[in-house]
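The values are calculated or read from the model by the stated rules, or taken from the named source; none is laboratory data. These figures come from a predicted structure and were not determined experimentally. Don't worry about glycine lacking a Cβ; one is built from the backbone with ideal geometry, like all the others, and counts go over all protein chains shown. Accessible surface is based on the protein model in full, side chains and every heavy atom, while ligands, DNA and RNA are left aside. Shrake-Rupley method; radii C 1.70, N 1.55, O 1.52, S 1.80 Å.
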Amino acid sequence: MTLELHGTVQRGEFHREVRISAQPGEVTAILGVNGSGKSTVLHTIAGLSPLQTGLLTVDDVTWDAPAESRWITPEQRHCAVVFQDLRLFPHLDVLRNITFGLRASGIRRVAAIARAHEALAEVGASALVNRKPANLSGGERQRVALARALVMKPRVLLLDEPFASVDEDSHKAFRELLPRIVEGLNAITLMVTHDETDASAIASRQVRLSPQELP
Amino acid sequence: MLDSWTSDAPAKLFGVSDIGVTPRQLKVSRGTSDKVFRGFILAGALFSLIVLALISGFLMYRGFGIFKDFGFSFFTSSKWEAAADDGSAPAHFGVAAMLVGSFVVSVIAVAIAVPFAMAVSLFLEYYAPYSLRYVLTTILDLVASIPSVIWGIWGYTILMPHAVGWSKTLNHWLGWFPLFDVPAPIFERSPFIAGMLLAMMILPIVTSVAREVYSQAPRDQIDAAYGLGSSKWGAMRTVVLPFGKSGLIGGTMLGLGRALGETVAVYLVLNLVFKVNFHILASVGGNVASLIASRFGEASPYELKALMAAGLVLFFMTLIVNFIATTIVNRSKVPS
């Protein structure tokens, strides 16, 4: 019961070879300098960029296998992504941002709202429920983005530089909060970071991507 | 950009706005090339305003006598009668029926065209393979360039015989509703048929605008929707459609503007009757533009004034539509 990814990931002109495996219930940190392809790996797992060669399997189910012309659409992958730039929907309030994924997967409105309130409470953001993203601070937006992913109870949780847009105090708080939340989720969690301290504090495994040589 | 510093921004920046400090005014001295360019674009902007003012001035000058003679009844009366040659019957002019007709036909056109335009533009932008997109876009551009008289002939000879059958079906099933009721069983040259024809005529422009705004929907927001397990349609509904809302309204209003002013095509497929009519399947209708086209050639000098006044009303109606469109577009912009 693991995630296995090996092959060539590509986004735009960029491509590189990777080999990553991850287990449920633990956080795997993907470390590397800027431009080493960390985010591209997450995009490939989420189904936003197709794998060029190789194989991606989760729980022995093939998600992406170019050789077999097999590719599972993003909505069938049970993934949830927290993007580096968060990407909250600017025209929706916090509650509708969080219920979005649940509603998209067919969960009824009342049940989705109840789960959204639980997720907001979990990340300590219950008071933000009716606010629009434009009226949130960096730390608040981060909490909402995390709640939006957690509420999905995903099989694979993908965190792209999850502390990139928070101040030092919030950073410390998140460093304590995240392992607790992930532990309860029992999901395969991959966290992209370039911060060694974050990786050591949160992740139980580390994968280091070497800098990509320019052609 | 430098001009914006004449605001109180610097004062606020240094926290002195509340203690009565007057913001500093900056004087900007511009170079010659900058001055020439400013003058050039200012002249361009003023030119369109001058043309607009000249048109309205001309129409007002020529049609003012009619407003003086008939007052508000010019807008509320449906009677359009030139004076008898022997002077036995005085002239009477009113555009109420034509105004209502313009409105009804244009609303039908927009109601049919907009859903189609949305579907076509979403398909072209997000679903169609590149080669098909290229072919369909070229065809749409071609359709946009068809002259309205050709549309009118096609509407009269091809569309109308089919549309009469559709009208009868609508009347059969929905005739209990006043909109689809007909006083007499004549279904040719109705507002419904004219509206359908206009819908086809405005479809390319609305589609073109919609496609343009949908193509600019933020890719990262679409990816965010996918990243939360959304289907393609879910991403369209949550990101693309709200993002393109203001642009679509703008495109719709452009289409509405064309529909309101369309002349020849409507004249060929709509029975010009001076009677306010909301039965869209009945062979009774008209619009201001086709009224002017139909009467212009044989109008007496006095009726010509009435037609100028009708033109002025159409002109202001279009301006009001554009003003409303701009207001709606500004209010419905999605924050980025």
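Things worth noting here:
- Residues of the range A:3-49 satisfying the condition of being part of a loop (DSSP other than H, G, I, E, B) and either open to solvent by 30 Å² or more (accessible area, probe 1.4 Å) or in contact with a Cys (Cβ under 6 Å, 6 or more places away or on another chain) (or both): A:G12, A:E13, A:Q23, A:P24, A:G25, A:E26, A:V33, A:N34, A:G35, A:L48
- Taking (1) in a strand (DSSP E or B); (2) more than 15 Å from B:L228 (Cβ to Cβ) in turn, A:A80 satisfies each apart from (2).
- Criterion (aliphatic (A, V, I, L, M) and surrounded by 21 or more Cβ atoms within 10 Å (Cβ to Cβ)) met by exactly one of B:V273, B:V239: B:V239
- Counted as qualifying within the range A:137-215 are the strands (runs of 3 or more DSSP E) with 2 or more residues that are within 14 Å of chain B (Cβ to nearest Cβ), namely A:156-160, A:188-193.
- Selection count where residues are open to solvent by less than 80 Å² (accessible area, probe 1.4 Å) and acidic (D, E), scope the range B:136-187: 1
- Residue check: B:S215 meets all listed conditions (1) in contact (Cβ under 8 Å) with a residue 60 or more places away in the chain; (2) under 30 Å from B:M160 (Cα atoms) but one, namely (2).
- Across the range A:50-63, the qualifying residues are those that are touching a helix residue (DSSP H, G or I) at 6+ places or on another chain (Cβ under 7 Å) and open to solvent by less than 20 Å² (accessible area, probe 1.4 Å), and the one among them that is farthest from B:R219 (Cα to Cα) is A:L56.
- Answer residue from the range B:195-234, given it is within 14 Å of chain A (Cβ to nearest Cβ) and not in a helix (DSSP H, G or I) and is nearest to B:R133 (Cα to Cα) among those: B:A217
- In the range B:260-278, the residues that are over 16 Å from B:L307 (Cα atoms) reach residues that are open to solvent by 60 Å² or more (accessible area, probe 1.4 Å) and part of a loop (DSSP other than H, G, I, E, B) with C-beta atoms within less than 8 angstrom, at least six apart or across chains, in these pairs: B:V269/B:R189; B:L270/B:R189; B:N271/B:E188; B:N271/B:R189.
- Residue in the range B:216-237 that is of a type in the set (F, W, Y) and within 30 Å of A:P154 (Cβ to Cβ) present: yes
- Checking each residue in the range A:12-40 for being within 14 Å of chain B (Cβ to nearest Cβ) and closer than 21 Å to A:Q76 by Cα picks out A:S39, A:T40.
- Elements of type helices (runs of 4 or more DSSP H) contained in the range B:1-103, each with 1 or more residues being at pLDDT below 90 and either exposed (fewer than 10 other Cβ atoms within 10 Å of the Cβ) or not assigned by TED's automatic domain parsing to the domain that holds B:G255 (or both): B:9-13, B:32-70
- Residue within the range B:269-279 that is part of a helix (DSSP H, G or I) and more than 14 Å from chain A (Cβ to nearest Cβ) present: yes
- Where B:E262 falls short, out of the listed (1) within 14 Å of chain A (Cβ to nearest Cβ); (2) among the acidic types (D, E); (3) surrounded by 21 or more Cβ atoms within 10 Å (Cβ to Cβ): (1)
- Summed over the range A:98-132, the residues that are within 14 Å of chain B (Cβ to nearest Cβ), outside any loop (DSSP other than H, G, I, E, B) and touching a residue at least 40 places away in the same chain (Cβ under 8 Å) give a count of 5.
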